[in-house]
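The values are calculated or read from the model by the stated rules, or taken from the named source; none is laboratory data. Since we're looking at a predicted model, the values are computed, not measured. When we count neighbours, we look across all protein chains shown, and the Cβ atoms used for this are built from the backbone with ideal geometry, even at glycine. SASA here: full protein model, heavy atoms, side chains in, ligands and nucleic acids out. Shrake-Rupley method; radii C 1.70, N 1.55, O 1.52, S 1.80 Å.
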Amino acid sequence: LDPTWVDKLARNLRRWDETAELVVLTHFDPSDFTEPVEVIPLMHPERDWSTMMECLRPEAIGERAVVIGLDTLALGPLGPLWDRWDSEAHPFVAPPCQYSPVKWVNGVVGITGDVASEVWSCWVAERDEAMRDEQFVLHTKFSEMEWMRRRIRKPSNMWEVVSPEIRQWIPTIGKVDAPPRGVTLLYFAGPIKQDSLAPTMAWVRETWA
């Protein structure tokens, strides 16, 4: 991935929420981005999936934040979604996996600064040992998602306390003329991402631009 992914996501999000403040954890320099974003340097950019844990660093979260990956598309107004999130009652929210609902996933996470501090402290204390522990291995490598499921509190169900309009999608290469119905925020699962879909899917190309 390169800085254009951040710029495209920023433009996409601000199309639906002009007030969106984007904080990016990256090894790139702030001057590499054309869109206005706050840049926080990664502490461990070489750690593959484990690097995703840095999104929960307290300085990135502030009072509360919604954490998303670059493989995300906004398809409708975002303000109403976050207005529904009562972060005092539900300080940690995440969606269930659509393909295995007993599990939760971190494609989109709502989290308060207090919970982020708890998670980050636990991660810093266990990081080196956890990355050698086979119980956290997925597809032959360490998975931050497996660590989170086993070691931290279970989040509230985002579909129930925020909105079912936040959805996971496993696309296939080919032509899909329209995005999934009833979706405001779409995050990709699997290896196929926007760059592979844009050449054949006009709605992806127009949204991710």
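Numerical summary
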quantity: Single condition Val66 does not satisfy, out of (1) within 18 Å of Asp7 (Cα to Cα); (2) surrounded by 18 or more Cβ atoms within 10 Å (Cβ to Cβ); (3) out of contact with any Gly (no Cβ under 7 Å at 6 or more places or on another chain); (4) of a type in the set (A, V, I, L, M); calculated: (3)
quantity: Residue match in the stretch 32-46 (condition: among the polar types (S, T, N, Q), over 18 Å from the mean Cα position of the chain (by Cα) and open to solvent by 10 Å² or more (accessible area, probe 1.4 Å)); calculated: yes
quantity: Residue tally, condition of a type in the set (Val, Ile, Thr) and in a helix (DSSP H, G or I), over the stretch 187-209; calculated: 2
quantity: Condition met for Trp123 (open to solvent by less than 30 Å² (accessible area, probe 1.4 Å), part of a helix (DSSP H, G or I), modelled with pLDDT of 90 or more and in contact with a helix residue (DSSP H, G or I) (Cβ under 8 Å, 6 or more places away or on another chain)); calculated: yes
quantity: Conditions (1) more than 18 Å from the chain's Cα centre (by Cα); (2) open to solvent by 30 Å² or more (accessible area, probe 1.4 Å); (3) more than 20 Å from Gly182 (Cα to Cα); number of the one not met by Arg149; calculated: (1)
quantity: Unique match (being surrounded by 15 or more Cβ atoms within 10 Å (Cβ to Cβ) and closer than 17 Å to Lys103 by Cβ) among Pro171, Pro155; calculated: Pro155
